Amino acid sequence: MKKVILFTNFFLISLLLSAQDLISKIPSNASAVVAVKGKNLTDLVSTSEFENSKLGNLFFKELTEKTDGKVTNLESLGVDVEQNFYYFLQNEEGNLTHTFLVPLKNKENIIALLPKRTQERVEGDGNISYFTDLYDAAVTMWDDNTLLMVIYQELETYDDYGYDDYYRYDDYSVTEEAAEAVDAASEVVEDEVQEGEIISEIVEEANTTEAAVEELEKAQEEEYVEETIIETTESDYDENGYYNNDYYNDEYYKKQEEKRIEREAKQEERRKENLITVVEKGKAVLSGNYSQGSILNNKEYVASIGSDKEEASFWINDLGSLYMEAMPAIFGQSGIGNPYGMVNIDRLYGGMSLTSKLNFEDDKASIKTIYKMNNEMASYYKEMYNGKMNNNFFKYFNEDEIQGYLAVNTNTEGTLKAYPKMIDAMFSGVEENHLQDLVPITTRFVSLLLDEEAIAKIVRGDMLFVMNGIEQKEVTYTTYEYDENYESTEVTKTKMETIPNFLFMVTSEEKEIFDRLMRIGTKEGIVTFENGFYQVNIPDVPFSLNMLFKGNTLLIGNSAKDIMAISNGSFNAKVSSKHKKLIAKNSGSIYINGKHITKSIPSDLVPEAYKEKLNYISNNVEDIEFKVGKMKGNVLEGEFILNTPKGQGHKNSLAYFMNMIDALVD
């Protein structure tokens, strides 16, 4: 078996290399890789089919306008759409490098598409051409068969790119300097008063200055000035009404201006250094000569490729490392700015990888995601999602009549035991605010208060919410009518409203608690008992809640007819093995019956102009499924599936999307 796997991997790698696939330009230490398989896509929908579709027409209409008619189809774009496109992320001590790889068919077309001023910025190095963006630390580079774009995102700090220019000063000593300046100003005012040279304008200025002095004295007591606001008076303007520039020429503002200029010079120098780094990285990617080899030497990534039949894939190597090192580049390095800086991410997410694949098959489109966890995280998930679905649920709905359902299959007792341990682990080693000690004390205290086993008897953890369609119901409402004197009269009227019918089921062993609650409600006049079930009327809600406890199942729904049938045993249930498996074999699932939903929409609610399109949708929609499986070892799988109709002229699921756009977009 091992020989077969080795041979398969060797064959796959050889195939990719022989086709000059751009994957060989991705380094083995890439933190994340996105691949779009051009050949697989064009096998499903040809380039001519795309160009002649409404989506293609819109796409090329926009491109034609922006390129002054240079791009009219895929051929003139210069890109080889039958090869694979890639994006990869490198994480080096929190500094992120984003690289996009595009296969070229004709590089001359790419050059011709550039605006003239961009063409003038193009530099050359052998067979490599490129132009740069200093501010964004980005380079666009190409050779004969590859176009790439590299964007460098440096780990930022508040010292490098803070908010000093706008929100705070970078030197707290400014408090004393500002106070001294105001003291000197007040002395001048006092001298002028003694000399009798006060006029009304200076009186106003003195009042303003006095208020500023009081404010600064308060700020000095707090040993911090966050922002200084100086009100403008008439004396701030010269005789021509222009602002007096002398206002900015005192020593304090000169010093701040010098600091700002110095800071901007440092930032500019950093940008230039980063740009040199970006150009070097771009050239290294084009050459593909990495000391550690390409991503094809990464066993985890090669294993994630599988059969290579998917149309697109997304892979992350280590979520924990990405969180810890990349998040500061986004949120900043302080604990307040970076929420991930206050938890022990590595303990829970270290070593966790993610692989997601998009597939367009003949009868369905699907996105399948696989999480591989470390041992500790996997143990918590196993406790929480080790649930067992109540088979009695299948007695209470009919799959031919439902619009969809949501199923949750967890273990309440396991969750209440695992969650505190997971919270403790999350804050272990976090010394800030004594969290590593305070959090375990809190979780332990909560665990002592809770009886996990007793709570699990009330709500076991498995539940099912079923949508049974919609119906028109007559409801009463209160409004007001006005006479000719604008006197209001309260009037009760009726109207028809569209109400969804639903049924919620949850497993419980505590029927006694339910009965006691219902007795209290009955005595209070908010609950009635009739036909074997309880009914709760809720003010301002156009339906009543009907409740029934049968066996080990609590049922809550708004259809009295269905609850009554379940109560007397006459309900006509029908659930196929497909739905039983989807509900019972997964820790969570969602099912949507698209055809049933569209056909159940009352025609009088649909504008005449949209009825034809709704008809098309009704004939061309199928079921949608989403499921999250149970833990298998350290692996958790989830899958989203959109089924496509048969016999409607869609040759595959990708063509289905194209046809839907053509039919629905005007």
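Near S294: Cβ cut-off under 11 Å, other residues only, Lys/Arg at +1 and Asp/Glu at -1. The net charge is 0. Taking chymotrypsin sites (Phe, Trp or Tyr not before Pro) across region 102-159, the ones in a DSSP loop with at most 16 further Cβ atoms lying within 10 angstrom of their Cβ are Y135.
Each of A565 and Y253 was given a label point 7 Å from its Cα along the Cα-to-Cβ line. The distance between the two points is 8.1 nm. Hull volume per residue, based on the alpha-carbon atoms of region 474-615 and their convex hull, is 193 Å³.
The residues of region 35-109 expose, per residue, 50 Å² of accessible area to a 1.4 Å probe.
Under 9 Å from the Cβ of S508, count the other residues' Cβ atoms, weight Lys and Arg +1, Asp and Glu -1, and hand me the total.
Values: positive: K457, R460, K511; negative: E509, E510.
Local charge sum for S508: +1.
Each of K493 and L545 was given a label point 7 Å from its Cα along the Cα-to-Cβ line. The distance between the two points is 3.0 nm. When the GluC sites (Glu not before Pro) in region 417-501 are filtered for DSSP coil states and for at most 13 other beta-carbon atoms within 10 Å of their beta-carbon, the remaining sites are E431, E484, E487. Taking amide H as placed 1.01 Å from N in the peptide plane, T644 has its amide H under 5 Å from the amide H of K364, A365, each at least 5 places away in sequence or on another chain.
The values are calculated or read from the model by the stated rules, or taken from the named source; none is laboratory data. Remember, predicted model here, so these are calculated numbers, not experimental data. Cβ coordinates were reconstructed from backbone atoms using ideal geometry, including for glycine residues, and neighbour counts include every protein chain displayed. Accessible surface areas use protein heavy atoms only, side chains included; no ligands, DNA or RNA. Shrake-Rupley method; radii C 1.70, N 1.55, O 1.52, S 1.80 Å.
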